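Worksheet: the structure to be examined is printed underneath.
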């Protein structure tokens, strides 16, 4: 007995340290979930925290697997489930110290009221996991707590700030420039003032172009409490509130923006001591530690892998053969974005909504706003450092001086923004914030510090919008919808790669490709399912996109005549091989795929109704990113009139009737009416229940 006691004690201590998943004891009698005709959850609760619990439960019913992926990433446990790929995410979490930052900042960052919201959301997920153990991907990940949820938020916003791309460039030994996202997530946001509409209502289009599936694909929900929370909109798996949408008074839309959020520093290391770096003539100690990545292999063994991470006064640091490099950005310093979104959710007017924006916790995003009180607004939001002039912050900056070590941010009022311009409209399609309205009303880039790093260029969507939107007169709601669903490129293309040579080729010089050359020359630049020109252009576009990615060639280039012919040759061969004809309509080449459905899909990259696709099967492509969750709003008297559609359906479970029931509506540009009125929702609901029923 004496010999076995130490071992038994070790076992006892081991199990006493394990977190045990127990019922939360949440009073679910205060929560109702109403599923409408399309399975969209309308969640009603007494308190905001009850609604958050209900949201967690309802979303888990529809997509618990993806929510868990988000949670596992925030807890640095992805490698235990997803192997080497997940371990890369875990390393990123350890490098950025998102778990440690969440623990350190949680208590002081969030109000008591909002902590209850996160507690409710965590309780909902934990209770769902307890009730459905067969769906749990990794048991020790539960129970989760609000701080771990915050870690996932920090991780997501860090990625949106460009941290993942910067780390990749350091590891790959290419750090001259912080890379632009080669696969940017485009979006559209449009607000039309009531003075410009024939009905006297204010219009708002919420139209983010996210991936169609995965951890940043949109989920639609309606949240309503007796504490003043009543909003419909979209969120990502793991989100405990609406990220953009509309409440009884106002609404807003986000698009991704590209100012200079992040700085990359090269440290001056001590040649005689690898743990020291020089700053202003003083040698400082480089902090370091080993982290253990647990990597699942062959579905039956988990292998611990040690990795070293570093930290300087500038931020997370990597040491490579090329040198030592640190990154610094706001998402690791201000972590209150979830509460800011929640307060935006509950704002009753522009003053309250702007006050939430003024907290400057949300690190990114162009934001277009509209309300029932005749206010439209645009801001290119972001945590932008107040940098010392004299350095080129678009490139790697010296990490040997505190002159480049910023500690403050520009205030909200210092960011590019406009309210109620004379033109009566504001919009953003991920293009320059200095081109958000009519030319006469636009802001001037010279009025803002160059260190902010805002882009100045248009894109195809912004150019096309200006072709369609008149500077004077009034437009109808149907005209507004036609603009939003437009799928034609502008007269003058604005792709990052100049591809005009495709439309200037001589059939006499290249008779073997005369059919393709004529098709491109006569193509109306529209991306309908019947367009052969769209399919041909799309093939060539993706062909060179892939070639540039393989060779590392900049997308900011000009396609030569020889390259145009090379692309046409590849397209002709591909279509003849897979479709037995030299030209095919876009809808035959590109499909919207979900389960056993494969439907003709319109759209190409960077039209207003954009769609980006990836290789699928039998020479076809399938939609991957672009038009997804769409919301169209009219603000007038009473509650706003709302129409929405999501690309697939409310559920990510193949066995659900709502797995793909919105696809035909989506493809036909048919929207479904939605309501913020509880009585209306309950009257037409197909199912009303409480969590756990």
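So if each residue of separation counts as 0.36 nm, and I subtract the Cα-Cα distance between residue 693 and residue 524, what length gain in nm does that give?
Between residue 693 and residue 524, full extension yields an extra 55.4 nm.
Once you place label points 7 Å from the Cα toward the Cβ at residue 556 and residue 668, how far apart are they in nm?
Reported label-point gap for residue 556 and residue 668 is 4.6 nm.
For residue 321 and residue 22 in the same chain, what is the full-extension length gain: residue separation times 0.36 nm, less their Cα-Cα distance, in nm?
102.8 nm
Assuming R0 = 45 Å, what is the FRET efficiency of residue 491 and residue 171, from their Cβ-Cβ distance, to the nearest 0.05? Before the final figure, lay out each step's value.
Details: r = 42 Å, r/R0 = 0.94.
Calculated value: 0.60.
Write down the radius of gyration of the chain and its Dmax, each obtained from C-alpha positions, in Å.
26.1, 96
Return the inverse of the average 1/r over all pairs of distinct C-alpha atoms in the stretch 625-693, which is the Kirkwood hydrodynamic radius, in Å to one decimal.
The Cα-based Kirkwood calculation yields 13.9 Å.
Could I have the simple spin-label model distance between residue 358 and residue 641, label points 7 Å from Cα toward Cβ, reported in nm to one decimal?
The two pseudo-label positions are separated by 3.5 nm.
Modelling each spin label as a point 7 Å along the Cα-to-Cβ direction, I'd like the residue 388/residue 471 distance in nm, to one decimal.
About 4.5 nm separates the two model spin labels.
Please report, to two decimal places, log10 I(q)/I(0) for the stretch 495-605 at q = 0.10, 0.12, 0.14 Å⁻¹ as given by the Debye formula with identical point scatterers on the Cα atoms and no solvent.
These q points yield log10 I(q)/I(0) values of -0.29, -0.42, -0.57.
Could you please rank 435, 492, 386, placing first whichever residue has the fewest other Cβ atoms within 10 Å of its Cβ?
Ascending Cβ contact count within 10 Å gives the list 492, 386, 435.
For the ranges 562-571, 232-241, what's the packing order if you count other beta-carbon atoms within 10 Å of each residue, average per peptide, and put the highest first?
Ranked from most to least packed, the peptides come out as 232-241, 562-571.
Considering Cα pairs under 8 angstrom that are at least six residues apart, work out the relative contact order of the chain and quote it in whole percent. Kindly include the intermediate steps, with their values, before the conclusion.
Working: 1463 pairs, mean separation 109.6, N = 693.
Computed value for the chain: 16 percent relative contact order.
What FRET efficiency would be calculated for the residue pair residue 680, residue 288, taking the C-beta separation as r and a Förster radius of 51 Å, to the nearest 0.05?
0.30
Considering every pair of different Cα atoms, what Kirkwood radius, in Å, is found for the stretch 360-508?
Hydrodynamic radius (Kirkwood, Cα only) of the stretch 360-508 equals 18.1 Å.
Using 0.36 nm per residue, how much length does the chain from residue 131 to residue 84 gain when fully extended, once their Cα-Cα distance is taken away?
Numbers: separation 47, 0.36 × 47 = 16.92 nm, distance 2.99 nm.
Roughly 13.9 nm would be gained on extension.
No value in this document is a laboratory result; all are computed from the given coordinates. Computed from a predicted structure; not experimentally measured. All Cβ positions, even for glycine, are placed from backbone atoms using ideal geometry, and neighbour counts span all protein chains on display.
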